[in-house]
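J.: Pasting in a structure now, in structure tokens, and then I'll have a few things to ask.
The values are calculated or read from the model by the stated rules, or taken from the named source; none is laboratory data. Bear in mind that the values here come from a model prediction, so they are computed numbers and not experimental data. Here Cβ is always computed from backbone atoms with ideal geometry, including for glycine, and neighbour counts include all displayed protein chains.
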Amino acid sequence: MSPLSTLTAAQLRRYADLKEQIENLEAELSAALGHNAAPANTESGKRTMSPAARARIAAAQRARWAKLKGAKPEVRKGRRKMSAATRAKMAAVAKARWAKAKAAGKSTL
């Protein structure tokens, strides 16, 4: 068979007619033999997946992601407020500590 670029229009038409005849004969043969399904496309090699199988795979993947992510972390609340009395007590203790350090001649604690 010669390359497609060197074929004439008449040759291309003849080859197309032959291919159509072959397909028709194959269809007749499969009907005569009782084959209802069309011949498998062996050229592509692709496999199809049913929607149910796709749904199962998607559900399994969602479960894997959920397991990896785990429970959502707790949202931290704002800082706890300190009462005015407690703050005053802490300030008094700090002042006493600094007064003691300064009396000892220290500039750091």
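J.: Return a yes/no flag: does segment 45-58 have any residue that is modelled with pLDDT under 85 and polar (S, T, N, Q).
T.: no
J.: Could you give every pair whose Cβ atoms fall below 9 Å, whose first residue belongs to segment 30-48 and is surrounded by 10 or more Cβ atoms within 10 Å (Cβ to Cβ), and whose second residue is at pLDDT below 70, counting only separations of at least 6 or pairs across chains?
T.: Pairs found: SER30/ASN36; SER30/ALA37; SER30/ALA38; SER30/PRO39.
J.: Out of (1) more than 25 Å from the chain's Cα centre (by Cα); (2) part of a helix (DSSP H, G or I), the odd one out for LYS81 is which?
T.: Of (1) more than 25 Å from the chain's Cα centre (by Cα); (2) part of a helix (DSSP H, G or I), only one is false for LYS81: (2).
J.: Among (1) at pLDDT 95 or above; (2) in contact with a Pro (Cβ under 8 Å, 6 or more places away or on another chain), where does ALA92 come up short?
T.: (2)
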